[in-house]
1. In contact with a helix residue (DSSP H, G or I) (Cβ under 9 Å, 6 or more places away or on another chain), touching a residue at least 12 places away in the same chain (Cβ under 8 Å) and surrounded by fewer than 17 Cβ atoms within 10 Å (Cβ to Cβ): which single residue out of 147, 88, 158, 133 fits that description?
2. Which of the residues belonging to the stretch 94-128 are modelled with pLDDT under 80, part of a loop (DSSP other than H, G, I, E, B) and loosely packed, with under 10 Cβ neighbours inside 10 Å?
3. Just to check your reading of the model, which residue among 162, 135 is more than 17 Å from the chain's Cα centre (by Cα) and under 15 Å from residue 39 (Cα atoms)?
4. Which pairs do you get when a residue that is on the phi > 0 side of the Ramachandran plot, found in the stretch 41-54, comes within reach of a residue that is surrounded by 19 or more Cβ atoms within 10 Å (Cβ to Cβ) and outside any strand (DSSP E or B), reach meaning Cβ atoms under 8 angstrom, with the pair 6+ apart or on two chains?
5. Determine, yes or no, whether residue 79 is surrounded by 17 or more Cβ atoms within 10 Å (Cβ to Cβ), without any contact (Cβ under 8 Å) to a residue 60 or more places away in the chain and either farther than 15 Å from residue 167 by Cα or in contact with a helix residue (DSSP H, G or I) (Cβ under 8 Å, 6 or more places away or on another chain) (or both).
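The values are calculated or read from the model by the stated rules, or taken from the named source; none is laboratory data. Treat the numbers as computed from the prediction; the structure is a model and nothing was measured. All Cβ positions, glycine included, derive from the backbone under ideal geometry; neighbour counts span all protein chains shown.
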C-alpha cells in the first residue's frame, strides 16, 4: 500500500473517531439566557461530557446539561436523591445542616426567596441556576430532575475563545 493511501485511511480513521467521540462522549451546546451567570454567560458555548455519570453518581455542585421535555437547560445540582433541602434567609440547609455554597461568587445573583422544606425523591436531583433571580429551575417548572434527564456534566466553556475555561 502506498503512502498516499495510508494517509487517506489514517485521515478517514481519525475523522470517524472524532465524529463518534462527539456524538457519544462529548456534546457541544450554546447556553441561551442568563440563569448561570456569572459561571456561564449568555451565548457561550460549552462542552458536556456524556460519559461522566456512567460510572459515578452526579455530585452536589456539578453543572449539568439537562434534557427536560425536549428542551436543554444548564443548571447546578444542589440537592441529591433522598435529601431534604430548605432555604431560609439565603441559607441553604441540607438535611437540617447549613451548607455553604462556595461555587457562587456573585452575591447579587445568589439571592433567592425561601424554599420550603423539600424532600428529593430517589433517582432525582434538585437544581438551581447560579443566577437565582433569573433562573427557571427546580423551584419552578423544571421540578425534580430525574437521573435519566441528565445528558452529562458541563466541563468547559469553549466559545468565545477568549472566555475558554474549565467549569466549576
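1. On the way: 147 fails: in contact with a helix residue (DSSP H, G or I) (Cβ under 9 Å, 6 or more places away or on another chain); 88 fails: in contact with a helix residue (DSSP H, G or I) (Cβ under 9 Å, 6 or more places away or on another chain); 158 fails: in contact with a helix residue (DSSP H, G or I) (Cβ under 9 Å, 6 or more places away or on another chain).
Testing whether each residue is in contact with a helix residue (DSSP H, G or I) (Cβ under 9 Å, 6 or more places away or on another chain), touching a residue at least 12 places away in the same chain (Cβ under 8 Å) and surrounded by fewer than 17 Cβ atoms within 10 Å (Cβ to Cβ) leaves just 133.
2. Scanning the stretch 94-128 gives a single hit, 102.
3. 162
4. Pairs found: 43/31.
5. Values: surrounded by 17 or more Cβ atoms within 10 Å (Cβ to Cβ): yes; without any contact (Cβ under 8 Å) to a residue 60 or more places away in the chain: yes; either farther than 15 Å from residue 167 by Cα or in contact with a helix residue (DSSP H, G or I) (Cβ under 8 Å, 6 or more places away or on another chain) (or both): yes.
For residue 79, the condition - surrounded by 17 or more Cβ atoms within 10 Å (Cβ to Cβ), without any contact (Cβ under 8 Å) to a residue 60 or more places away in the chain and either farther than 15 Å from residue 167 by Cα or in contact with a helix residue (DSSP H, G or I) (Cβ under 8 Å, 6 or more places away or on another chain) (or both) - is met.
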